[in-house]
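Okay, so here's the structure we're looking at.
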Amino acid sequence: MSHQPKATRSNAPQENGGEEEEPLPQGWEMKLDPNGRRYYVDHNNRTTSWKRPKPLPAGWEQRLDPRGRQYFVDHNTRTTTWQQPTTQNVSEFQEWRRQLSTNQAANRQNLENRYANSAVGPVSTSSAATSSSSEEPLPSGWERRVLDNESRREYYVNHETRTTQWEDPRVQIKKASNLPLPPGWEERYTAEGTKYFVDHNTRSTTFQDPRVAVSATSSGIQYERSYRWKFGQFRHLCGRASLPTGHIKISVSRNSVFEDSFSQILNIPPQDLKRRLFISFKGEEGLDYGGLAREWFFLLSHEMLNPMYCLFEYASKNNYSLQINPASYINPHHLTYFKFVGRIIALALFHNKYIDKGFTLPFYKRILDKPLTMLDLKSVDEDFYNSLKWVKENDVEECGLELTFAHEFEVLGEVKTHELKPGGEDILVTEENKEEYVNLMVSWRFTRGVEEQFKSFLEGFNEIVPIQWLQYFDERELELILVGIQDFDVQDWQTHTQYRTYRRTDKQIQWFWAFVNEISDEQRSRLLQFVTGTCRLPIGGFSELMGSNGAQKFTIEKVGKENWLPRSHTCFNRLDLPPYRSYEQLKQKLLLAIEETEGFGQE
């Protein structure tokens, strides 16, 4: 979304410090926007970018596969890649290969020396393994450390996955070499003789032996994946499944965003929804470079998850997380709506957008198909949890409660009875079977009256994102991906903000941060939403804000006259802040902008 200023003045910095620039790649053209800023048009793919494209290195060619996806051919080595090469990363890769070749030569020499020394006399197996490990260099990205205590025990740090372990990774590699490769994997060698592995399941390659992780697991070592690794794997799967050509246009009214979106989304084939989304709001001019899509997800989720529609309800009086409403059947089309909600939630994950409200942690566990426990009840229904806890900790026969394997519950004033097992009304709960009773009650509490709704939700969800893609995440991580961080660290915000035609020491910038520190968290949310299109933050905070062309910091630019209102460019996370003459004037204009304006063209 772009809020265009009245005046136009070129503040575009000269690229490369005035040095002679490399020619643009074939099919690219440089243009100027109304403010005099450079941008670049790719006529090959019909896209635009603020970043100047770099020509391909010598011997490289850009092509499209049968599905329209862009890839690159290296005629020098007769290989292909999805990643766009640059002169720098190609030279870095060549340097890495030279170092690898040098290390391999050194390893071969060490190996020959060990065989030569072995003729001197027999060596025990354990000492041979230790000697081998101590002479060989550690794999790339690994480091050996020693505990800073009396034990002085050695351990190993994997900086790539940010994990630690006791076992020497070189020993693991030796163990792994005796194991068969996992299903779908193949071992190959490059032209230089370097071993690598092909995963035909995901159509990817790696220099990391997949058997190392198998060996570690079988030996009882706990392997943990960092959140960033999991998120990177998920984004990789989404990127591979996305369709790079064309886009899907969705036009909605702000006053009926739920109904308009519902009628359009369900009529679009799921595969087409994996194209780029182009959102427009009726009666508003503008181009969607990502900001409008973020705003659409936020507004739509706010509406469709509103308990007033009776599709969802709050978990309890003091827990505003959402769960499926068992009374949703009062809407005869409720199952179709749940399929729509499933699609939207999956689309938010697929397109890396945030929604307005979050679900209960047990709801996320059900999406991930993880088992629910009695402890999960505590966050959504503490009274129910306390009742079951009392049953577990006390003798139900001595108390004479006469509980049976049946439970009454009320929906819209109607009392219903549910049997936990066939003939449950006639089966008394005893000390012998109360564990089964508690487990059945926990399972029923999370599924009572919502089985069909959740099935429809998953149907819509799986059409966009297969559940298998989320297998590495737990319920809290899934919530973070979908909802983001809601707390604001103003210091982090200020640290990761950049300025155009303003300096950090200018009085308007000092006033702006005084204003941010003074207002409430709700108003900070509105300010962030005004500038970026969403009030949610990525997991890494302000340092990982995303714009239309990837990572894009929060930006403040001097634009306009002192009687103008601030304007925003949500596609680029940019605030156009006029040079106000006093703090009171800046505060008044910002509050008016973030609390009274909605949509385009506000002045």
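The values are calculated or read from the model by the stated rules, or taken from the named source; none is laboratory data. As the structure is a prediction and not an experimental result, all values here were calculated from the model. Reconstructed Cβ throughout: ideal geometry from the backbone, glycine too, with neighbour counts over all protein chains shown. For accessibility, only protein heavy atoms count, side chains too; no ligands or nucleic acids. Shrake-Rupley method; radii C 1.70, N 1.55, O 1.52, S 1.80 Å.
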Worksheet entry | Rounded to the nearest 20 debye, dipole of region 236-380 from Cβ charges on Lys, Arg, Asp, Glu | 480
Worksheet entry | Separation of alpha-carbon centers, region 42-67 and region 334-353, rounded to whole Å | 32
Worksheet item: Carbon-plus-sulfur fraction of the accessible area of region 410-502, 1.4 Å probe, in percent?
Response: 44
Worksheet, complete the sentence: Taking a crude spin-label model, label points 7 Å out from Cα along the C-beta direction, the L138 to E22 distance in nm is 3.5
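Quick one: accessible area per residue over region 292-424, 1.4 Å probe, rounded to a whole number of Å²? All intermediate terms of the calculation are to be shown ahead of the outcome.
Values: 6260 Å² over 133 residues.
Value for region 292-424: 47 Å² per residue.
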Practice prompt. Please work out the C-alpha center-to-center distance from region 402-463 to region 243-268 and express it in whole Å.
Written response: 38
Item to complete: Between E451 and T86, take the C-beta separation as r, use R0 = 60 Å, and let me know the FRET efficiency to the nearest 0.05.
Response: 0.70
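Could you tell me the calculated FRET efficiency between E435 and T164, based on Cβ-Cβ distance and R0 = 25 angstrom, to the nearest 0.05? It would help to have the intermediate numbers written out before the result.
Numbers: r = 38 Å, r/R0 = 1.52.
According to the calculation, E is roughly 0.05.
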Worksheet item: To the nearest 0.05, what FRET efficiency results for L243 and V198 with a Förster distance of 35 Å applied to their C-beta separation?
Response: 0.90
Practice prompt. Describe numerically, in nm with one decimal, the distance between label points set 7 Å from Cα along Cα→Cβ at I467 and at E408.
Written response: 3.5
